[in-house]
Amino acid sequence: MFSNLPPITKALIIANGLAYLLQMLLGNETFAAFMLWPIGDTGFDAYAPEQSFLPWQLLTYGFLHGGFAHLAFNMLALLMFGAPLEYTWGNRRFLTYYLVCVAGAGVCQLLVGSWTVAQGGNAYPTIGASGGVFGLLLAYGMLFPNQRVMLLIPPIPMKARTLVIVFGVLELVLGFGGWQPGVAHFAHLGGMLFGWLLIRYWRGQPPFGKGGPRRPRIVR
């Protein structure tokens, strides 16, 4: 099955896997400068540059993971939702969409994390491909709303559109309720938001008016 994956989906899975192996071999501290750090009150910290926000972190954080289970669930979702989207959109558009979702999720998490630090909270880095994966989930639900998908836990079949709504509401509740600390719920929501905005731009729909490129046979 892996050999039949489209090239960008396969490359993303391999890149995430290799990055995780390097984390295991070299230690997470080696990759601190590639994790997404919030902006503190003083901005860039010259005494701890590896624990300061740097622009490239908006993409690189999405290739690092906190454990094998974290990596496995994200890569399974990337395989499930990324492959059909890449076959539908093509390689370039799919890669653009995924990276926009990763960066958009990073922007939202950066805002939330920086606000937390400004309120006196601790500065923690964010890692993981979940923001991009949630963007893929949203796109799958928009392009294939009636496609049946099966949850792993619990194993309940439902339409893709329903799955997107359930996960979106759940992330909102958990994010504002603070019931699952250590999980970047607003990054997940950010990936969905930026993915939704990009699809609407491609479709030439508000808030972008009719100026965006339209490809009705691809972006349904």
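The values are calculated or read from the model by the stated rules, or taken from the named source; none is laboratory data. Note that the coordinates shown come from a computational prediction; the quantities given were computed from them, not determined experimentally. Please note: Cβ atoms are built from the backbone with ideal geometry, for glycine as well, and neighbour counts cover all protein chains shown.
Quick one: would you say PHE73 is surrounded by 14 or more Cβ atoms within 10 Å (Cβ to Cβ) and either of a type in the set (Lys, Arg) or at pLDDT 95 or above (or both)?
For PHE73, the condition - surrounded by 14 or more Cβ atoms within 10 Å (Cβ to Cβ) and either of a type in the set (Lys, Arg) or at pLDDT 95 or above (or both) - is not met.
Being closer than 19 Å to PRO84 by Cα and surrounded by fewer than 17 Cβ atoms within 10 Å (Cβ to Cβ) is the filter; apply it to the range 95-119 and report the residue that is nearest to the chain's Cα centre (by Cα).
LEU99
Sort out which residues of the range 120-137 are out of contact with any strand residue (DSSP E or B) (no Cβ under 9 Å at 6 or more places or on another chain) and surrounded by 23 or more Cβ atoms within 10 Å (Cβ to Cβ), and write them in order of number.
Residues satisfying the conditions are GLY128, ALA129, SER130, GLY131, GLY132, VAL133, PHE134, GLY135, LEU136, LEU137.
Can you tell me which residues in the range 53-75 are touching a residue at least 60 places away in the same chain (Cβ under 8 Å), assigned to a helix (DSSP H, G or I) and among the aliphatic types (A, V, I, L, M)?
The one that is touching a residue at least 60 places away in the same chain (Cβ under 8 Å), assigned to a helix (DSSP H, G or I) and among the aliphatic types (A, V, I, L, M): MET75.
For the range 26-44, give me each residue that is of a type in the set (Ser, Thr, Tyr) and modelled with pLDDT of 90 or more.
Answer for the range 26-44, where residues must be of a type in the set (Ser, Thr, Tyr) and modelled with pLDDT of 90 or more: just THR30.
Restricting to the range 138-164, and then to whatever is more than 15 Å from PHE73 (Cα to Cα), modelled with pLDDT under 90 and of a type in the set (Val, Ile, Thr), can you tell me which residue is surrounded by the most Cβ atoms within 10 Å (Cβ to Cβ)?
So the residue we want is VAL149.
Please enumerate the residues belonging to the range 100-135 that are modelled with pLDDT under 90 and polar (S, T, N, Q).
SER114, THR116, GLN119, ASN122
Scan the range 1-22 for residues that are at pLDDT below 95 and either surrounded by 14 or more Cβ atoms within 10 Å (Cβ to Cβ) or among the hydroxyl-bearing types (Ser, Thr, Tyr) (or both) and jot them down.
SER3, LEU5
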